[in-house]
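Quick notes on the structure that follows.
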Amino acid sequence: MPLHKWDWACFVSYRHEPSDTVYMDFITEFKKSLFSYISMELASEAGSVFRDRDVLIAGDEMDPTIAGHLCNSLTLVPIYVQRYFSNDRVACIREFEGMLRLERERISKQDNPNIRLIIPVVLTEAYMPPYFASHWCILFPFHLYRMAAGNKRKKQAMINEAAHKTLANVRRVFEAMSKANSDPCETCGNFELITAQAARDWFEQNRAQYTYTPEFPR
C-alpha cells in the first residue's frame with residue numbers, strides 16, 4: 001500500500017489567455033477528459049485533477065494555497081504553448097520550478113531514476129523546447145484542433161487521446177512512487193513557491209532549455 005494518498009493525481013498548469021476562446025475551451029475539455037480517466041482508474045488512491053479555477057476560492061492566500069496543492073500533487077501537467085514561460089506573467093514558471101524541486105527530492109528517494117513527475121502536453125503550434133524533447137511529452141496537434149472548430153466529435157476524440165496518453169504516464173509515476181519507503185509529502189508544510197522576481201531570474205538562467213527554437217521543428 002502507498003504511504004501517502006495524494007490530493008491530486010495531476011496539477012494542470014497553463015497560461016491564462018481569456019481572449020483565445022479556442023485555447024481556453026481546450027483547457028476545460030482536456031481537464032474534463034483527464035478527470036474522467038483518472039476517476040475511473042486511479043482516483044481512489046492517486047487523487048483527482050487540479051485546475052486553479054475549479055478549486056481556488058475568493059479569499060484564498062494564493063501563494064501558500066497553490067504551493068500546498070502543488071506539493072500534494074503526484075504530477076504536474078503543463079499545457080505548453082509558446083508563451084508558457086514568460087517574464088510578463090510568471091505563475092507558470094513558479095509552478096514548474098516548484099515541481100522540478102519536488103521531482104528531484106522525490107525521485108532521489110525511490111528506485112527508478114527515469115521517472116518524471118512533469119508530464120507536458122505540448123500544443124504543437126509552438127516549437128518544442130529542448131527540455132521537453134528529452135522528457136515524457138504528449139504532442140497535441142493544436143492547429144488541427146483549431147481547424148476542426150465545427151466538428152465536436154473530432155475535437156473530443158483528439159482530446160480523449162491526449163488525456164489517455166497522459167493517464168498512462170501518470171499511472172507509471174503512481175506505480176513507482178507507491179514503492180517509496182517514505183512519505184513523499186512529509187515536508188509539504190514547509191514547501192513554498194519562489195518569488196516572482198526569483199522566477200524571472202530562474203527563467204533567464206534557464207531560457208535555452210525552456211524556450212522553443214527552430215532546431216526542434218513542429
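The values are calculated or read from the model by the stated rules, or taken from the named source; none is laboratory data. Please read all numbers here as calculations on a predicted model, not as lab measurements. A quick note on method: Cβ atoms are made from the backbone with ideal geometry, for glycine too, and the neighbour counts reach across all protein chains shown.
General observations
- The residues on offer are 194, 159, and the sole one that is under 18 Å from residue 9 (Cβ atoms) and of a type outside the set (Lys, Arg) is 159.
- Residue within segment 37-45 that is of a type in the set (Phe, Trp, Tyr), within 23 Å of residue 138 (Cα to Cα) and in a helix (DSSP H, G or I) present: yes
- For segment 94-114, the candidate set comprises residues that are closer than 17 Å to residue 69 by Cβ and aliphatic (A, V, I, L, M); within that set, the residue that is farthest from the chain's Cα centre (by Cα) is 102.
- Segment 15-36, residues that are closer than 21 Å to residue 66 by Cα and assigned to a helix (DSSP H, G or I): 24, 27, 28, 30, 31, 32, 34, 35
- Pairs where the first residue, in segment 13-34, is within 15 Å of residue 121 (Cβ to Cβ) and the second is of a type in the set (S, T, N, Q), C-beta under 8 Å, 6+ apart: 15/86; 29/156; 33/156; 33/160; 34/166
- Any hit, segment 127-142, residues being of a type in the set (Phe, Trp, Tyr), part of a helix (DSSP H, G or I) and at pLDDT 85 or above: yes
- Qualifying residue in segment 87-96 (condition: touching a Lys or Arg at 6+ places or on another chain (Cβ under 6 Å) and farther than 18 Å from residue 200 by Cα): no
- Of all residues making up segment 1-14, the number that are at pLDDT 95 or above and assigned to a loop (DSSP other than H, G, I, E, B): 1
- For segment 48-101, filtering for residues that are of a type in the set (Lys, Arg), under 22 Å from residue 137 (Cα atoms) and in a helix (DSSP H, G or I) leaves 2.
- Residues located in segment 81-98, provided they are farther than 14 Å from residue 11 by Cβ and aliphatic (A, V, I, L, M): 81, 90, 93
- Test result for residue 61, out of contact with any strand residue (DSSP E or B) (no Cβ under 9 Å at 6 or more places or on another chain), modelled with pLDDT of 95 or more and not small (Gly, Ala, Ser): no
- Qualifying residue in segment 162-171 (condition: touching a residue at least 60 places away in the same chain (Cβ under 8 Å), assigned to a helix (DSSP H, G or I) and out of contact with any helix residue (DSSP H, G or I) (no Cβ under 9 Å at 6 or more places or on another chain)): yes
- Residues in segment 47-103 that are of a type in the set (Gly, Ala, Ser), within 22 Å of residue 197 (Cα to Cα) and surrounded by fewer than 22 Cβ atoms within 10 Å (Cβ to Cβ): 67, 68, 86, 91.
- Summed over segment 82-121, residues that are of a type in the set (Phe, Trp, Tyr) and out of contact with any strand residue (DSSP E or B) (no Cβ under 8 Å at 6 or more places or on another chain) total 1.
- Only one entry in 139, 144 is surrounded by fewer than 18 Cβ atoms within 10 Å (Cβ to Cβ) and in contact with a strand residue (DSSP E or B) (Cβ under 8 Å, 6 or more places away or on another chain), namely 139.
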